[in-house]
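A quick write-up on the structure given underneath.
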Amino acid sequence: MRDVVVIGAGLAGLTAALRLARAGRSVTLVARGVGGLSLAQGTIDILGYTPERVLRPLDAVAAVPPEHPYAGLGPDAVAAAVTWLRDELGSELLVGDPAVNLHLPTALGALRPTALAQPSMVAADARGGLTYAVVGVRQLKDFPADLVAGNLARSTAPDGGPLGATAAWVDLPARPGEADPSGLTYARSLDDAAFADRFAVAVRDAAGAGDVVLLPGVLGVRPGAGRRLAELIGRPVAEVPLLPPSVPGLRLADALRARVAAAGVRILLGSAVTGFTADGDRVATVTVAAAGGPRALAASDFVYAPGGFESGALAVDSRGAIAETVFGLPLTAADAAGLVGPRYWAPHPLFEVGVRTDAAGRPVAGDKVVHPNLYVAGGILAGPEPWREKSGDGIAVATAVRAAAMIEGGAR
Amino acid sequence: MRRLAADVVVVGGGSTGAGVVRDAAMRGYTAVLVDRSDLAQGTTGRFHGLLHSGGRYVVSDPGSATECARENAVLSRIQAPAIERTGGLFVSVPGDDPGYGDRFLAGAAATGVPAREIPVAEALRREPRLNRGISRAIEVEDASVDGWQLVWGAVNSARAYGAKVLTYHPVTRIDIADGRVRAVHCHDQRRDEEVVIECAFVLNCAGPWAGRITDLAGLPPVPVIPGRGIMIALNHRVVNTVVNRLIYPTDGDILVPVHTVSVIGTTDVKESDPDHLPIPAAEVQQMLDAGERLIPGFRRARAVHAWAGSRPLIRDDRVAADDTRHMSRGMAVVDHLTRDGVAGLLTIGGGKLTTYRLMAEHIVDAMGDQRGERRPCRTADEEIPYAEGSRHYVVTHRLADREADRLDDQIVCECELMSRRMFTDLLHREPLATLDDLRRQLRLGMGPCQGGFCAGRAAGIAVTERVVDAERATGLLRLFLKNRWIGLWPILYGAQVRQTALDHWLYAGTLDIEHLPTPDQEVVR
Ligand SMILES: Cc1cc2nc3c(=O)[nH]c(=O)nc-3n(C[C@H](O)[C@H](O)[C@H](O)COP(=O)(O)OP(=O)(O)OC[C@H]3O[C@@H](n4cnc5c(N)ncnc54)[C@H](O)[C@@H]3O)c2cc1C
Ligand SMILES: Cc1cc2nc3c(=O)[nH]c(=O)nc-3n(C[C@H](O)[C@H](O)[C@H](O)COP(=O)(O)OP(=O)(O)OC[C@H]3O[C@@H](n4cnc5c(N)ncnc54)[C@H](O)[C@@H]3O)c2cc1C
């Protein structure tokens, strides 16, 4: 029997597991898949839009409505959690000030607010007068340099100043005859110094005018390649995250998972939790679908960080019934009827549905805690559509840190 | 203002209009086809995808059955690449009257519809997901047809015969003087220009909008009653043959494998406005129940998209009941000379996509009657040229194409295996197209991810190819996502919820599409 079983290997599950292991708990982390972190943009958002663009995310956190997942935490807890993550992963991977948003170009040419970013990205932080030399790679279909440059050139920096952009392309297969590599394949090649040098020369020769050279987010699977490339290219360089497989996302996920493993957490990946047993109102074990048949994992406390609709932890059946799929936890709505509507750009309240908790992060039915030793964190929580407000990462980290703290503190 | 002249203007670029413009051009008339939008985006882009064998009508409507059987054979010959010879089955599921099968077989024999009862075990071997409780199975020659390929093929053939095709040219007025049609006015929406086409004949093939066209000519109303039906596509082929219930035709009794998906349908509900066709939740449930009866577990399969189309039925008291010269079962040609005293205007309504060629033959014959001449119809004799040659479509063809070019081309849409070259070739041929217009020919964004990965790529390529600028590309992308959503939200359950959440993470989360510089006006075409 372990002290804690953590379910989920996304940002929330990994964070909770690491915090608990560092606090001396014996922890098993069990997860079906790898979570959103490795698919996502590789930065740490706190709050990007409310729906106006947020310049100072902690100030915005202080002003969220009471039903928001941040409301029970407050800006200080959020700042502490995110700062911990930044310092834990180190300045090779995450830099920035949680109190101030960066505004980084996306692979469509929008300016996306985020709190912490990788050092290979921050040179692109938009400010009036900045010009971008966008350079696409013919082999990489997810970085449309002309569209990115065109949209940046029509944009205004958050400080109100103008932006400029040019577009250019390099045609450089990472491996002979490979016309359609994934970003990950290309990134692996850029970990090779000889290829990185050739790439840098090609980019240097091709890039148009601009203060910062904007490149697809494939600058090495390992952190650090960006710096070298910038030296060779002779201008500041910034990489732009692409659609999955997202190399910057993988860098964060790999680094965090390595730390979780190093801290002594027992990790069971590829293992879905399918149910649980209870002892009174306490969760006694969770059932894991494993090779050779189901297995029960017992623990004193459980952290449930299974993500939301995108991970399948929250599901809608063909008759519209919304359910949490492992514990059957109460949700803010049980029926999807009327929660999605015909207007694509309008909010879709279905994706606001989730679990509500007490101040300790335990699911509640009404105001009653469902299981006193079950804590939830991350995307499973009810709240505004996280992709709209760009809050998923901050919520995941801060609520995972809270769950760990409550277990460490022995909250009952 | 631009002026053109033609013998005949065909209004509507659905299957009917496409067949008519081809037929007219082949008979030597100078013809112009106009549509208010792109080709085959009306009913023809929102139908069920079944090339009827006639089986559905052998009891209820023998005349239609015979027509379908004949046209099925003709179209298979003249436009094979638009058709997949899936074959079809009629099956009795538990609760269906097994005696209907005998009436069906008798009807098939009487109408000339090829049909053969096969052992239940054989049907289950062919289609292992079928309800194990079926008691009878009859094999027919149903096939699956791509309405877009069918229309583009016919229209390209018409062009080769000199016809002109003007899309995004809504008709705004029809000039009539001294009891004759004189000209059609339309608005070239993409150049914002008025176009006047002088002509002696207008063939109104506007489907459910046909009544609006006769209104534009100032005629007494032609009542068109749109009969709306919904369809739902699953993300893969749960069957490889068309599966019909062996019962008198009703709602939700057909499951059609179309390309990589399978489509359940349909319903029939009277509507007032063909531009606003809802997909009501109750009908979605009805279709899922219907699917469940044919394929147990249907509700747990993944639905990727739903759509609604409306049947263009004309109910016209002004046409004498015995004036059936140009009518065949289920279709009607309204001659506005006998009806309203206006020469040069004919309206066609009803019909099926399967019989589109025959409908065209009827209306062009009717035009000949008015002109006092009879030029023979040749549309059944001549094969329509397709780049793919004369082979029938097979679902795996793109895999084969991909195998051939995998070292030198990129895949833009993974779900539908659409390559970059396929996309850029069409883009340069149709530089004014929207992404939806291109989608209908290429299947861009029609698979499980519904554009999650490919739509942004496509927009980006269009800028790189210098076909559009960044502002229009962004507008086109927004329009595409908005349009995909119309068919997504009504069936948002199961795995598609997960997909949709991922797509939102991609577009709103990673790419922040909502905060690209906003256009003064949304791109609408
Ligand atoms: C493409 C993409 C883009 C994103 N972009 C952004 C962004 O722009 N901004 C932002 O803030 N966030 C973004 N995110 C989301 C973010 O990275 C986090 O995924 C999100 O905030 C939720 O984190 P989480 O740890 O709670 O859940 P997840 O990352 O979804 O992790 C859930 C974990 O639980 C596991 N799991 C679920 N059910 C079970 C079960 N029954 N048994 C065992 N294991 C289970 C899953 O396999 C997974 O390991 C994005 C995510 C994706 C996928
Ligand atoms: C739910 C449903 C399922 C069906 N399934 C099948 C099937 O499986 N097999 C089968 O054979 N048949 C099927 N049908 C029937 C078949 O789809 C239709 O008969 C056929 O597509 C009608 O084509 P059309 O060209 O007459 O009409 P449409 O395709 O609707 O074309 C009319 C055109 O007129 C244009 N138009 C409108 N107003 C104007 C204007 N002012 N100026 C210029 N143009 C204008 C429109 O844009 C449109 O493109 C189905 C029908 C429905 C409703």
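The values are calculated or read from the model by the stated rules, or taken from the named source; none is laboratory data. All values derive from a computational prediction rather than experimental measurement. A quick note on method: Cβ atoms are made from the backbone with ideal geometry, for glycine too, and the neighbour counts reach across all protein chains shown.
On the stretch given as segment A:136-166, residues that are within 26 Å of the chain's Cα centre (by Cα) and either away from chain B (no Cβ under 13 Å) or modelled with pLDDT under 95 (or both) total 0.
Checked across segment A:365-383, the condition of being within 14 Å of chain B (Cβ to nearest Cβ), modelled with pLDDT under 95 and under 22 Å from the mean Cα position of the chain (by Cα) holds for no residue. Contact annotation: residue pairs with Cβ atoms under 7 Å, 6 or more positions apart or on different chains, pairing a residue in segment A:59-71 that is under 12 Å from A:Y49 (Cα atoms) with a partner that is assigned to a loop (DSSP other than H, G, I, E, B), are A:A60/A:L47; A:A60/A:T50; A:A60/A:V54; A:V61/A:I46; A:V61/A:L47; A:V61/A:Y70; A:V64/A:Y70; A:V64/A:A71. From the list B:S64, B:S53, B:S76, the one residue that fits, being within 16 Å of ligand 2 (Cβ to nearest atom) and modelled with pLDDT under 95, is B:S64.
Being out of contact with any strand residue (DSSP E or B) (no Cβ under 6 Å at 6 or more places or on another chain), more than 20 Å from A:L215 (Cβ to Cβ) and in the same structural domain as A:A225 (by TED's automatic domain parsing) is the requirement here; does A:G74 meet it? No; evaluated as a whole, the condition is false for this residue.
Kindly indicate whether B:R182 is away from ligand 2 (no atom under 14 Å from the Cβ), at pLDDT 95 or above, crowded, with 22+ Cβ neighbours inside 10 Å and more than 14 Å from chain A (Cβ to nearest Cβ). Steps first, please.
Working: away from ligand 2 (no atom under 14 Å from the Cβ): yes; at pLDDT 95 or above: yes; crowded, with 22+ Cβ neighbours inside 10 Å: no; more than 14 Å from chain A (Cβ to nearest Cβ): yes.
Criteria not met by B:R182.
Within segment B:102-139, can you find the residues that are outside any helix (DSSP H, G or I), more than 29 Å from the chain's Cα centre (by Cα) and among the acidic types (D, E)? Scanning segment B:102-139 gives a single hit, B:E117.
Being over 27 Å from B:R22 (Cα atoms), over 19 Å from the mean Cα position of the chain (by Cα) and more than 16 Å from ligand 1 (Cβ to nearest atom): is that true of B:A65 here? When the stated conditions are applied, B:A65 does not pass them.
When segment B:478-507 is filtered for residues that are of a type in the set (V, I, T) and within 7 Å of chain A (Cβ to nearest Cβ), the ones remaining, listed by number, are B:I486, B:V497.
Confirm whether A:A12 is within 11 Å of ligand 1 (Cβ to nearest atom), within 30 Å of A:P144 (Cβ to Cβ) and either more than 14 Å from chain B (Cβ to nearest Cβ) or aliphatic (A, V, I, L, M) (or both). So A:A12 does not fit the description; no.
When B:E471 is tested against (1) more than 7 Å from chain A (Cβ to nearest Cβ); (2) charged (D, E, K, R); (3) more than 30 Å from A:D317 (Cα to Cα), just one condition goes unmet, and that condition is (1). Is there a residue being on the phi < 0 side of the Ramachandran plot, surrounded by fewer than 24 Cβ atoms within 10 Å (Cβ to Cβ), in contact with a helix residue (DSSP H, G or I) (Cβ under 8 Å, 6 or more places away or on another chain) and touching a residue at least 40 places away in the same chain (Cβ under 8 Å) anywhere in segment B:6-16? Scanning segment B:6-16, I find at least one residue that is on the phi < 0 side of the Ramachandran plot, surrounded by fewer than 24 Cβ atoms within 10 Å (Cβ to Cβ), in contact with a helix residue (DSSP H, G or I) (Cβ under 8 Å, 6 or more places away or on another chain) and touching a residue at least 40 places away in the same chain (Cβ under 8 Å), so the answer is yes.
Every residue, every condition in (1) away from ligand 1 (no atom under 11 Å from the Cβ); (2) on the phi < 0 side of the Ramachandran plot; (3) part of a strand (DSSP E or B), yes or no:
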site: A:S300; (1), (2), (3): yes, yes, yes
site: A:G308; (1), (2), (3): no, yes, no
site: A:S318; (1), (2), (3): yes, yes, no
site: A:A337; (1), (2), (3): yes, yes, no
site: A:G341; (1), (2), (3): yes, yes, no
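State whether one or more residues within segment A:99-111 are in a helix (DSSP H, G or I), within 12 Å of ligand 1 (Cβ to nearest atom) and within 14 Å of chain B (Cβ to nearest Cβ). The answer is no; no qualifying residue exists.
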